[in-house]
1. Rounded, prolate or oblate for the range 2-79? Axes are the square roots of the Cα gyration tensor eigenvalues, ordered a ≥ b ≥ c, and the cut-off for rounded is a/c under 1.5.
2. What is the distance, in nm, between label points placed 7 Å from the Cα along the Cα-to-Cβ direction at SER160 and at LYS140?
3. Run down the lysines and flag those whose C-alpha is under 26 Å from the C-alpha of LYS25, throwing out any fewer than 8 positions away in its chain.
4. Let's test this: bin the Cα-Cα distances of the chain at 5 Å from zero up to the farthest pair and state each bin's percent.
5. Out of ILE61, SER138, LEU14, whose Cα points farthest toward the positive end of the dipole of the chain (charges: +1 Lys, Arg; -1 Asp, Glu; placed on Cβ)?
6. Once R0 is set to 35 Å, what does the formula 1/(1 + (r/R0)^6) return for the Cβ-Cβ distance between ILE12 and VAL195, expressed as a FRET efficiency to the nearest 0.05?
7. What full-extension length gain, to one decimal in nm, is calculated for LEU37 and LEU175 as 0.36 nm per residue of separation minus the Cα-Cα distance?
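What follows is calculated from the coordinates using simple rules that are stated; it is not laboratory data. None of these values were measured; they are calculated from a predicted model. Here the Cβ is made from the backbone with ideal geometry for all residues, glycine too, and neighbour counts use every protein chain on show.
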Amino acid sequence: MKLVKKGAEADIYLTSWNGHDSILKIRKKKDYRVDLLDTRIRTLRTMREAKMISETKSFGITTPLVYFVDEKKCEIYLQFVPGKLVKDLSAKQIVTICKDMGKIVGILHKNGVMHGDLTTSNFILSRQGLVILDFGLSQKTDQIDDHAIDLRLFKEVLNSAHAQIVDKSWASFILGYRKILGSLLTDKVLNQVLVIEKRGRYANVI
Ligand SMILES: Nc1ncnc2c1ncn2[C@@H]1O[C@H](COP(=O)(O)OP(=O)(O)O)[C@@H](O)[C@H]1O
Ligand SMILES: [Mg+2]
């Protein structure tokens, strides 16, 4: 088993499952959390991730197959998706692919799912197209405010990780998002993003 990533939330290994290349995601115990709460959080996120990865396929987006879930151990075996993380693409490619990311996020929101962790490390460009990962923080919600929180986070990620192309890639993302949700809803969500940004600014002043 090869360690791919030691994350704040989970460790990721490359392994195999019934002869298929597989990603094993293990949510390990956090010593700073009380035992009962820690177990609850890890179990909830593991089960939620497995459920959402499978459910969202029915919307017509591509997510890895879930091979196996061990609820007790808080482990998920996922189909390994070969490809490149969007984060590691060239600036030009990122700008272009942002439109497809916007479409995927639009489809999630249209179907009442907030992803909760929209970053350029949670999308893989594979031969079958763009694949979205990491549903541990996702929520079922139709609230404009929740959808705006998703977009706001993504904008922040562009701002910090892809600063030179933030304007172009944000515009491209919104173009894709608008294609799915239409102008009325998109403008509502974008207005809410502005409200959140203002809130943030005032919070900093105080
Ligand atoms: N199914 C998969 N196929 C290929 N790589 C994956 C897969 N799942 C995760 N990874 C890799 O592991 C990294 C972390 O996985 P992720 O599910 O996003 O966990 P984290 O909560 O630590 O961000 C991803 O950014 C990607 O590089
Ligand atoms: Mg991730």
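1. Numbers: a/c = 2.19, a/b = 1.38, b/c = 1.59.
Here the range 2-79 falls in the oblate category.
2. For SER160 paired with LYS140, the spin-label model returns 3.1 nm.
3. Reachable lysines: LYS2, LYS5, LYS6, LYS51, LYS57, LYS72, LYS73, LYS84, LYS87, LYS140.
4. For the chain, the binned pair fractions read 1, 7, 14, 19, 18, 17, 12, 8, 3, 1, 0, 0 percent.
5. Sorting the options by dipole projection puts first LEU14.
6. Details: r = 35 Å, r/R0 = 1.01.
With R0 = 35 Å, the Cβ-Cβ based efficiency is 0.50.
7. Separation in residues times 0.36 nm, less the Cα-Cα distance, equals 45.6 nm.
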